[in-house]
1. Which residues, taken from the range A:238-248, are closer than 18 Å to A:Arg137 by Cβ and open to solvent by 10 Å² or more (accessible area, probe 1.4 Å)?
2. For residues that are within 8 Å of chain A (Cβ to nearest Cβ), farther than 20 Å from B:Met143 by Cβ and touching a residue at least 24 places away in the same chain (Cβ under 8 Å), tally how many sit in the range B:212-242.
3. Yes or no: the range B:101-124 includes at least one residue that is over 26 Å from B:Gln30 (Cβ atoms), in contact with a strand residue (DSSP E or B) (Cβ under 9 Å, 6 or more places away or on another chain) and of a type in the set (Ser, Thr, Tyr).
4. Hey, any hits in the range A:313-326 for a residue that's loosely packed, with under 14 Cβ neighbours inside 10 Å, small (Gly, Ala, Ser) and over 25 Å from the mean Cα position of the chain (by Cα)?
5. Can you tell which of B:Asp263, B:Asp191 is of a type in the set (Asp, Glu) and under 23 Å from A:Val297 (Cα atoms)?
6. Mind checking which pairs have a first residue in the range B:293-307 that is in a strand (DSSP E or B) and a second that is crowded, with 17+ Cβ neighbours inside 10 Å and small (Gly, Ala, Ser), Cβ under 9 Å, 6 or more apart or different chains?
7. Based on what the data block shows, is A:Gly69 touching a helix residue (DSSP H, G or I) at 6+ places or on another chain (Cβ under 6 Å) and on the phi > 0 side of the Ramachandran plot?
8. Report whether or not A:Gly273 is more than 14 Å from every other protein chain (Cβ to nearest Cβ) and in a loop (DSSP other than H, G, I, E, B).
Amino acid sequence: MSRSFTRSPVFWPAVGLIALVVLNTAVNPAFLKITLLDGHLFGTPIDILTQGSRTMLLALGMTLVIATGGVDLSVGSVVAIAGAVCALMLQGGHSLALTIVAALAVGGAAGAVNGTLVARIGIQPIVATLILMVAGRGVAQLLAGGQVLIVKHAGFGYLANGFFLTLPVAPLLVGGLFVVTQLVVRRTAIGLFLEAVGDNETASRFAGLAAARVKILAYVFCGACAGLAGVLWAANVGAADANRSGENAELDAIFAVVVGGTALTGGRFVLAGSLLGAVLIQTLTISMYNLGISPAVAPVPKALLIVGVSLLQSDRLRRWLAGLWTRGGKGTA
Amino acid sequence: MQKLLPRLVWVAAGLFAATASLHAQAAKKQLKVGFAQTGAESAWRTANSESMKSEAAKRGIDLKFSDGQGKQENQIRAVRSFITQGVDAIVIAPIVETGWDPVLRDAKRAKIPVILTDRTIKTEDESLFACFIGSDFYEEGRMAADWLAKKTSGKGRIVELQGTPGSAPANERRKAFGDAIAKYPGLKIIDSQSGNFERSTGKVVMEALLKKHGRTIEIVYAHNDDMALGAIQAIEAAGLKPGKDIIIVSIDAIKEAVQAVVDGKINCTVECNPLFGPKVYDTIAKLVAGEKVPKKAFNKDELFDSTNAAAVIAKRQY
């Protein structure tokens, strides 16, 4: 029982997360404190979930793309485009529902472009999505006219900052999406299709699978997730910054996915692991502020923890370490 | 027929001389200036470009405007084309600090003065450019600190939201503020983290610091308005009143922040003025007239607080 738990792909990111929380609580005992303020929950763990919800959402879409053996570098730029679209729609007096649909559609369309380039034209995923990563920010800037667009809309802000029955809305929304996605991919054959295509595209095609269509679908889903993340990004601060929002977000998302036990080579994915990975990276960011680490050196401890968790994920290193342990144990006996 | 030809030559020569002198007069009247802008990456930059264009139109200067789209090679190409067009002066807002020497040498050979704005360059040969006109980030930080010292009578616990680590505005604004408050032992920076000059990061940092220090935070000093605006949201979410429970001092004076001063949510914002046009063209006029100009000059910045924000809000262009 315990053995199967340590073998679980979510075990090591969970260990990293617990270690981080213990360290933070040791330095600042109030780290885990949650209080009730103005009728909603208030505290650092709530912040981590609320502010981490955007990375969770990107990681959700990214997991499926990585499962097919691809990667999507353009999600950060899609966030910027979707944010600009939201701001323009709301400023133009459109309804909130239509605005969200538009953001999702823009994200999905961006994903369709990526998917077509990868699956139909056969461009390497890194190169194909790099195109939109670079060009997308230009598109966002063009939409926004080089300005930070301000959005004042109560319902829109509620999506990122609101509370439902004392609980923050954004993590509820993203958590719900995770559950739905998990059910859809695991209760139907879609998950199997994704893994088959990621594992061996040629073989799955010979087995009668529409491999290209499965891949495109994964990119469209990832793009739509990025579109929704763009909604949350703009809603969070009530402004769409085409230049800065979603900057380096693709890297955080990829890290969350990989640390959560999904293989970058494709063919295996763990949605819960990606969720945990996203929480881990957000906790890491908040830890730097909580521990008072100077921003000039903050990237170093961050990098160290990432390297550490990645190493622990490696089977070969774990076996080697386990070998050292048993040999050492025999020596003293 | 034989006499006609020399006559025609005379007429042609006369016409030519007339047009040439007209041409010379026109050239004397209308100054031609080339401006290699970095791009249009922020509201500040857009206001900066707009100032250069509108001031040129006002003064009847023929401005050749080039958008570098964030790439140095575009800027260098633009400067080369300005040289071949024979402009009277070239203005560059350099994207990066190095790699300018060859093209600046070409400009020097063509005897075209070069003015750097906003950011400076690294070069062995300082004679390659006539002068630098920029924003005094240090002075901005000092003005913010002095205002704060006066407002709080030199007492208070400060949280600093830094800009992107290593960037010139973040370095200068941090150093100036630290130097200025050193005179007041009652003013203490209790924490300092980077908000990356960005709203959402500014908000995340402020949320974390509010939980860490609780009600002991009395003052927020943000290196730019975007972070201050993000911090305000975090403070409001924590059930506190920005501007009252926590004093907020910021830099840049973008329109939204000046509005926040009017609304009482930001206490003071120091301007980082993007309207370079008048100063740049004054300098060019002097250079063309052969006068000497200082090698380094700064655009004048103002400070807005509750006493003057309402009066200027309507006129803010950016």
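The values are calculated or read from the model by the stated rules, or taken from the named source; none is laboratory data. Just so it is clear, the structure is predicted and the values come from calculations on it, not from any experiment. In this analysis, Cβ positions are derived from the backbone assuming ideal geometry, glycine residues included, and neighbour counts consider all displayed protein chains. Each accessible area value is taken on the protein alone, full model and side chains, heavy atoms only, with ligands, DNA and RNA left out. Shrake-Rupley method; radii C 1.70, N 1.55, O 1.52, S 1.80 Å.
1. Applying the first criterion (closer than 18 Å to A:Arg137 by Cβ) to the range A:238-248 yields A:239-248.
The answer is A:Asp241, A:Asn243, A:Arg244, A:Ser245, A:Glu247, A:Asn248.
2. 4
3. As a first pass, look at the range B:101-124 and keep what is over 26 Å from B:Gln30 (Cβ atoms): B:101-102, B:105, B:119-124.
Those still in the list that are in contact with a strand residue (DSSP E or B) (Cβ under 9 Å, 6 or more places away or on another chain) too: B:119-121.
Keeping just the survivors that are of a type in the set (Ser, Thr, Tyr) gives B:120.
Yes - at least one qualifying residue is present in the range B:101-124.
4. Residues of the range A:313-326 loosely packed, with under 14 Cβ neighbours inside 10 Å: A:314-317, A:319-326.
Next cut, small (Gly, Ala, Ser) only: A:314, A:322-323.
If we keep only those that are over 25 Å from the mean Cα position of the chain (by Cα) as well, we get A:322-323.
There is at least one residue in the range A:313-326 that is loosely packed, with under 14 Cβ neighbours inside 10 Å, small (Gly, Ala, Ser) and over 25 Å from the mean Cα position of the chain (by Cα).
5. Working: B:Asp263 fails: under 23 Å from A:Val297 (Cα atoms).
Residue meeting the stated conditions: B:Asp191.
6. These pairs meet every condition: B:Lys296/B:Gly134; B:Ala297/B:Gly134; B:Phe298/B:Gly134; B:Phe298/B:Ser135; B:Leu303/B:Ala144; B:Leu303/B:Ala253; B:Phe304/B:Ala253; B:Phe304/B:Ala257.
7. Details: touching a helix residue (DSSP H, G or I) at 6+ places or on another chain (Cβ under 6 Å): yes; on the phi > 0 side of the Ramachandran plot: yes.
So A:Gly69 passes the test.
8. Details: more than 14 Å from every other protein chain (Cβ to nearest Cβ): yes; in a loop (DSSP other than H, G, I, E, B): no.
For A:Gly273, the condition - more than 14 Å from every other protein chain (Cβ to nearest Cβ) and in a loop (DSSP other than H, G, I, E, B) - is not met.
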